[in-house]
Amino acid sequence: MTGVVGVLMLIIGLVMAISPYSFWYFRLGWKLKDAKPSDLALRAERFLGVIFVIVGSILIVSSCSSSHGTDHDWADHFKEKLSAGQLQEINIGLFNPVTLTDEETKTVIGMMQHAELRPMDFEESSGANNIGEMIFKDGTRLELIIFGSSGGIELQSVSTDAHYEIVSDEIENWFRSNYTNQ
């Protein structure tokens with residue numbers, strides 16, 4: 001998403017910097033009959049255009065460079081939080097959610113710590129047999145998608161756009177026998 005915003009800012013900034021009159025007319029001039037911008041207004045448009053180009057370029061570069069290590073870092077950070085006992089509770093169900101017992105939560109944590117987390121695209125996600133939520137002590141919340149589009153258990157973080165499939169037959173069997181809507 002950051003890359004898209006960066007490209008838009010870069011394009012707008014280039015138009016503003018190369019042709020400040022065109023941008024001034026598009027933004028304001030069409031509303032006024034026989035109006036012409038002052039030299040100060042054109043210089044301000046050009047200056048803002050240069051700023052937009054710089055900010056857009058930074059956003060594009062940061063979106064490209066941050067996407068390479070993010071998947072691995074997120075998965076490691078998630079497992080570190082589990083190991084550190086930061087998980088407060090797991091709720092299963094959209095309507096009248098059920099909170100897992102301490103024993104069930106420990107079981108799920110143990111299985112997740114040993115499972116592979118495979119990154120997924122948001123476009124791959126649609127539908128689920130059941131959903132839940134993992135709530136951490138720091139306020140972080142992750143959506144737990146049970147038998148979603150991957151056919152397995154998925155984690156989705158709205159705040160970071162992270163979406164992972166938990167690759168583990170053990171977890172799938174546990175959720176299938178305990179928390180599916182059949």
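The values are calculated or read from the model by the stated rules, or taken from the named source; none is laboratory data. Given the structure is predicted, the values throughout are model-derived calculations rather than measurements. Cβ atoms come from the backbone with ideal geometry, glycine included; neighbour counts cover every protein chain shown. Keep in mind that these areas ignore ligands, DNA and RNA; they rest on the heavy atoms of the full protein, side chains included. Shrake-Rupley method; radii C 1.70, N 1.55, O 1.52, S 1.80 Å.
So what is the calculated 222 nm ellipticity per residue for the chain, using -39500 (n - 2.57) for each DSSP H run with n of 4 or more, over all residues, to the nearest 500 deg cm²/dmol?
-17500 deg cm²/dmol
How large, in percent, is the carbon and sulfur part of the accessible surface of the chain at a probe radius of 1.4 Å?
On the chain, the fraction of accessible area on carbon and sulfur atoms equals 58 percent.
If the convex hull of the alpha-carbon atoms of the chain is projected onto planes in all directions, what is the mean projected area in square nanometres?
14.6 nm²
Suppose the chain between SER157 and LEU42 were pulled fully straight at 0.36 nm per residue; how much longer would it get relative to their current alpha carbon spacing?
37.0 nm
Quote the relative contact order of the chain in percent (integer), defining contacts as alpha-carbon pairs under 8 Å separated by 6+ residues.
Dividing the mean separation by the residue count of the chain yields 17 percent.
Computed FRET efficiency, Cβ-Cβ of SER149 and LEU14, R0 30 Å: what is it to the nearest 0.05?
It comes out at approximately 0.15.
Just to confirm, what accessible area per residue do you get for the chain at 1.4 Å probe, in whole Å²?
Value returned for the chain: 61 Å² of accessible area per residue.
Measure nothing but the geometry: give the 0 to 90° angle between the long axis through the Cα atoms of 169-178 and the longest principal axis through the Cα atoms of the chain, rounded to 10°.
70 degrees
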